[in-house]
Amino acid sequence: MCRDCGCQTANKIAHQHLLRFQPHGPTRTLTVEERVLAKNDAIARQNREWFGRHDLRVLNLISSPGSGKTLLLEKTVERLQDRTRLTILTGDQERDYDAQRLQARGAKVKQLNTLSACHLDAAMIEKELGGFVSPASGLLIIENIGNLVCPAAFDLGEHCKIALLSTTEGEDKPTKYPLLFHEAALILITKTDLMPHLDWSLEKCEAHIRKVNPKAPILKISAKTGAGMDSWLDYLGK
Amino acid sequence: MHELSLAQSIVRTVEELSTTRNFNRVTKIRLSVGAFSGVATESLNFCFSEAARGTVLAEAELVLEETPLTVRCADCGKESMPALEEFCCKECASTQIRIVDGKDLKIIDLEVSHVP
């Protein structure tokens, strides 16, 4: 029991009076039952409706920093039959290096800078709809901030999340970051060209993936050599 | 996770509620922290006290309750609460599961008062 006010919360995880206890008069309890991310999710739902109305397919690429998202997109743009049908929004905290790389390949791309935030959110995407993201596009790819935790929790309104994992990362990442890999509709193993030089097991990695996601297709890709790129382009429907 | 921005988001939500539900002081706020939410409770505790300064939550007691991961199995149809390391149906060990609870950070309720 709290000796200041007599409340019975000693069995909870945290019990803390932030200031010296002050009498507060009669109180009432208000039921809230609201998810903290409810506002983001409401905007995400509106985004999803906008995408549906305009027949736009939207993919959210999520991975650690350095897994090869940007190079994959560079090579994708190079091989597309019709580049005007793809729009890319690329997120980073600072700078527009990724957008520059993609623009150099002829992509229609905009850099979103979050400054301090470690993930894109639905409101950032909503701002672009009807402006930079036009209904004529057909396919929107969102390259999220390099981060395996927070982007998995923030719905942007996409049709599916795609998780990337490179051969230079631990095979056990999928079970260490289960939320992302469980929710991903497609998992890309990147930098497969490096496998002969690494003590890295594809079988172990796939086993870890299957522990948290029994169904999602797993594509093995080297953007550098082109291995596996056909299957990725087939998935994009290009 | 970015507990400071989560704490700021909670403060904003409660400040909005204070005008529609007519209170100007919160004495207690109960949050449900999903085991699968990625939220670090100690960080959230610390960040909350910073974010609440000068707001209707400045004197609020923060109570954090953990909500375990609950999954529903597509194979046997049952719900179970596996440990995070297991991540499969506890009844039949299938991995064909869907998360039904334990992913979220939620505001459960507030104890409020109106001080003239």
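In chain A, the DSSP-assigned H stretches of four residues or longer account for a calculated mean residue ellipticity at 222 nm of -8500 deg cm²/dmol, using -39500 (n - 2.57) per stretch and the full residue count as denominator. Principal axis extents of the Cα atoms in chain B, from largest to smallest and rounded to whole angstrom, are 58, 26, 17. Taking label positions 7 Å along the Cα-Cβ direction at both A:Leu198 and B:Thr20, the computed distance is 4.8 nm, reported to one decimal. Distance cut-off 21 Å, Cα to Cα: go down the list A:Lys161/B:Lys78; A:Lys39/B:Lys103; A:Lys204/B:Lys78; A:Lys173/A:Lys204; B:Lys78/B:Lys103; A:Lys173/B:Lys103 and report the pairs above it. A:Lys161/B:Lys78; A:Lys204/B:Lys78, as the Cα separations exceed 21 Å there. The phi-based Karplus calculation (6.51 cos²θ - 1.76 cosθ + 1.60; θ = phi - 60°) puts the 3J(HN,Hα) values of the stretch B:99-110 at 6, 10, 7, x, 9, 10, 9, 10, 8, 7, 7, 10 Hz, whole numbers, x for Gly and Pro. Less than 5 angstrom separates the built amide H of B:Gly102 from those of B:Thr70, all sequence-distant by 5 or more or on a different chain. Of all the options A:Arg53, A:Arg105, A:Arg28, the one that moves most in a Gaussian network model of chain A with Cα springs shorter than 10 angstrom is A:Arg28. Working note: Cα atoms of the protein assembly as shown, range along each principal axis, descending, whole Å: 69, 49, 36. Taking only Cα atoms and a 10 Å spring cutoff, compute GNM fluctuations for chain A and point out the largest among A:Lys39, A:Lys220, A:Lys108. Highest fluctuation among the options: A:Lys39.
Solvent exposure of the stretch A:90-238, expressed per residue, is 42 Å² of accessible area, with all protein chains present and a 1.4 angstrom probe. Note on chain A: GNM, Cα springs under 10 Å; of A:Leu120, A:Leu164, A:Leu219, the largest mean-square fluctuation is that of A:Leu219. As a test of the formula, what do you get for chain B when each DSSP H run with n ≥ 4 contributes -39,500 (n - 2.57) and the sum is divided by the residue count, at 222 nm and rounded to the nearest 500 deg cm²/dmol? Rounded to the nearest 500, it is -8500 deg cm²/dmol. Look at the Cα gyration tensor of the stretch A:119-216: its axes a ≥ b ≥ c give a/c of at least 1.5 with a/b over b/c, and that counts as prolate.
Selection among A:Gly91, A:Leu202, A:Ser231 by position relative to the dipole of chain A gives A:Gly91 as farthest towards the positive end (Cβ unit charges, Cα centre).
In chain B, the longest principal axis of the Cα atoms and the axis of helix B:41-52 are about 20 degrees apart. For chain B, relative contact order (Cα pairs under 8 Å, six or more residues apart, normalised by length) works out to 36 percent. Rounded to the nearest Hz, the phi-derived 3J(HN,Hα) couplings of the stretch A:159-169 under the Karplus curve 6.51 cos²θ - 1.76 cosθ + 1.60 (θ = phi - 60°) are 7, 7, 8, 10, 9, 10, 9, 9, 5, 8, 9, where x marks glycine and proline.
The values are calculated or read from the model by the stated rules, or taken from the named source; none is laboratory data. Since we're looking at a predicted model, the values are computed, not measured. With ideal geometry, Cβ positions are generated from the backbone for all residues, glycine too; neighbour counts draw on all protein chains shown. Calculation scope for accessible area: heavy atoms of the full protein, side chains included, ligands and nucleic acids excluded. Shrake-Rupley method; radii C 1.70, N 1.55, O 1.52, S 1.80 Å.
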